[in-house]
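Remarks on the structure that follows.
The values are calculated or read from the model by the stated rules, or taken from the named source; none is laboratory data. All figures in this text were calculated on a predicted structure; none of them were measured in a lab. Every residue, glycine among them, receives a Cβ derived from its backbone with ideal geometry; neighbour counts consider all protein chains shown.
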């Protein structure tokens, strides 16, 4: 369904950026000020260029947000002139040096897209997210959206007012993308749409007789239309009329079925996948993957007893059954490794005694 799928709410909002300049002594444009404020916002520590940054993204202050992004849209993309036939353009005296109409926006737009955990696609779920953002990163949100129309920092001072602003700027997300999903409840998976595969198989099996009957009806129809008066023409007319009525009923049935298929597909598209992995699940999984990789590296060459004891310490330290902690913090590429246990020194290798020399 739009905005929601697989336990995730996909928020898309477009906020028009103010035209003109800011009312201060610098007189910077609102657009330039917005770009500067976005550039000053720390990114998640998940990339090569940001993993060592001291400041973390303000979106990492909650465990609901899987992804969040701000994008400034200045204008629609321009793909060049509309091409056409050169000869027809010459005949119509089209001047290629005259500019064609180009789409333009009256003002830049700030795109805010977020993917977060939600029980459903209702306004209550969206309100829970916007309230969380307002309580954890209100200063950053105020600095950014103050550059947009409709957001007055003097009046939008509550979570309720911020939610109303988000709803006013929200556009429907019709193509959500969920980068990870697990079948938590297969029984709740939407059922397949029933299609007449057996009927299509029957038609394919008897395609030649069906085409032969259709050909006979066409011949009768043509003979009834242009043939001379005779008993044969009367018989052809009877076949053409009755066959035409049958063909009309078949076409109406096929048309009705196609309408039903279209409506069924539309209804099926509104059914979302059951909820899958939430952000705490993903963080715990990433944490265990990293810790287990370190465990494997650190315990190369251990004997069965030592390996068994080391794995027991691994389970005690990572606590796989407890999702809350220890776990991967949101917004970082990895957590500090566990305290490494030194591996035992390898036993000295005694050269084997041989008789003679092997070349």
Legend entry - One residue from 261, 297 being under 30 Å from residue 173 (Cβ atoms) and outside the structural domain of residue 62 (by TED's automatic domain parsing): 261
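Surrounded by 12 or more Cβ atoms within 10 Å (Cβ to Cβ), assigned to a helix (DSSP H, G or I) and within 22 Å of the chain's Cα centre (by Cα), is that true of residue 283?
So residue 283 fits the description; yes.
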Inset, instruction - Give the residue that is nearest to residue 162 (Cα to Cα), with candidates limited to residues of the stretch 20-38 that are modelled with pLDDT of 90 or more and out of contact with any strand residue (DSSP E or B) (no Cβ under 8 Å at 6 or more places or on another chain). - result: 37
Inset, instruction - Please verify whether the stretch 7-18 includes one or more residues that are modelled with pLDDT of 85 or more, over 25 Å from residue 139 (Cα atoms) and in contact with a strand residue (DSSP E or B) (Cβ under 8 Å, 6 or more places away or on another chain). - result: yes
Legend entry - Matching entry among 154, 146, 159, 240 (being modelled with pLDDT of 85 or more and not assigned by TED's automatic domain parsing to the domain that holds residue 61): 240
Inset, instruction - For the stretch 107-154, name all the residues that are without any contact (Cβ under 8 Å) to a residue 12 or more places away in the chain and not in a helix (DSSP H, G or I). - result: 122, 146, 152, 153, 154
Inset, instruction - Name, by its number, the condition in (1) crowded, with 16+ Cβ neighbours inside 10 Å; (2) in contact (Cβ under 8 Å) with a residue 40 or more places away in the chain; (3) within 29 Å of the chain's Cα centre (by Cα) that does not hold for residue 298. - result: (3)
Inset, instruction - Test each condition in (1) in a helix (DSSP H, G or I); (2) within 30 Å of residue 328 (Cα to Cα); (3) free of Cβ contacts under 8 Å to residues at least 12 places away in the same chain for residue 36 and report the one that comes out false. - result: (2)
Inset, instruction - Filter the stretch 113-129 for residues that are more than 17 Å from residue 331 (Cβ to Cβ) and crowded, with 20+ Cβ neighbours inside 10 Å and give the result. - result: 118, 126
Inset, instruction - Using the structure shown, decide if residue 313 is modelled with pLDDT of 75 or more, surrounded by 10 or more Cβ atoms within 10 Å (Cβ to Cβ) and in a loop (DSSP other than H, G, I, E, B). - result: no
Legend entry - Set 240, 267: member being closer than 20 Å to residue 3 by Cα and part of a helix (DSSP H, G or I): 267
